Every structure is written in C-alpha cells, then in structure tokens.
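To start, the structure itself, in structure tokens.
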Amino acid sequence: MWWNRPYVNRRDWILENLKTLKLSAKQTVLLLMIDYMNGQNETIDLNSLNVRTGLEVSEIDMILHDLQRSKLLVVKPSKDRIVFSIDPLFEEGVRYEYMDETIYEVFESELGRLLSQPELEMLNTWLSKYTQDEILDALRSAIVVQKVSMKYINAILINKRDAQ
C-alpha cells in the first residue's frame, strides 16, 4: 500500500489531487481531519469532528454518509472505538506519481542515514518538478564536490533548470 510509505504525505496527496478526486470543500476538510486525527491516534466521532472543524454535527453525519456511499471512507466498529479509514480514497484515486522507491534508497545510502520527514517532502517536491535522472545527476554533482546536502542539491537543480 503505497499511501502508507513514510515518504508519502497523505494530506499533501489529497490536496494535490483535489481536481481528480472531485471532493467538495467540506468533504476535503473532513477527510484531512480524519487523516490527521488517525495520525495522532485520537478518537474520532461526530462531536470531535464538530469541535475540530466547526461543521454542524448533522452536516458532518451527512458528509460522512456521502463519503461512505462513494466508497472513499470506511467506518467500522473496533474493540474499543469506531475506526474511520480513508484508505479507499487512495485505492480508488490516481496512483501517486512520485513512487519510485529506489531514489529514496539512493539518497539514504548516500547520506548514510534515513531521510527526515522534511527531506522526504523535499524529495517528493523535486519529483513533481524534475525527472528522476535530473535529481540523480544533481546528487552525483553534490557527491563529486563533497557537499551532499538537500539544500545544495536543491541549488543544483534550480541552477540547471534556470540555465536551460
């Protein structure tokens, strides 16, 4: 499941694909809040969504029903609470464009450590603007001059793009 990878920012993906997903503003707010609250391991119910979003409980109930009917949300009982899962949104949505795991492995290998969340997000941003080859060329250039940092690689990418 690509959407559970540590380098995938699910909320960014939703926002980047709003046009394709055809969600209303209120549906988007609820899905983003559900994803956030799941990430914080918070209990989700109509009242907590009301407090967090400012939407009326009856409106939240109607939107959740529409999302379930559209198969973008699954609500099911668990042992001690109700589980809200937005995984179907990703299953039915467009495939995440910046999926090549090998580039992440190359960066982690060259940096000698796991990438931080901001670094993963920066790499995802690059992949939306540049080809994988351009990014790897910039990484190689940074290695040659022994200045392997995301900031330096970003400068190389910008300079090469401006030079063209």
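Assorted remarks:
- Charge dipole (debye, nearest 20) of the chain; +1 at Cβ of Lys and Arg, -1 at Cβ of Asp and Glu: 140
- Per-residue HN-Hα couplings for segment 83-89 [Karplus 6.51, -1.76, 1.60; θ = phi - 60°; Hz; x = Gly/Pro]: 9, 10, 10, 9, 3, x, 4
- Evaluated over the chain, the count of Lys pairs having alpha-carbon atoms less than 27 Å apart is 13 (only pairs 8 or more residues apart or interchain).
- Derived scalar couplings ³J(HN,Hα) [segment 14-26; Karplus, 6.51 cos²θ - 1.76 cosθ + 1.60; whole Hz; x for Gly, Pro]: 4, 5, 5, 10, 4, 4, 5, 6, 6, 9, 6, 4, 6
- Relative to the longest principal axis of the Cα atoms of the chain, the long axis of helix 57-69 lies at roughly 70 degrees.
- Low-density loop positions, GluC sites (Glu not before Pro), segment 31-85 - DSSP coil, at most 15 other Cβ in 10 Å: Glu42, Glu56
- The order of the peptides 22-28, 137-143 by mean Cβ neighbours within 10 Å, most packed first, is 137-143, 22-28.
Read-outs: derived from the displayed coordinates by stated rules, not from any lab. Quick caveat, the model's predicted, so the values are computed rather than measured. Here Cβ is always computed from backbone atoms with ideal geometry, including for glycine, and neighbour counts include all displayed protein chains.
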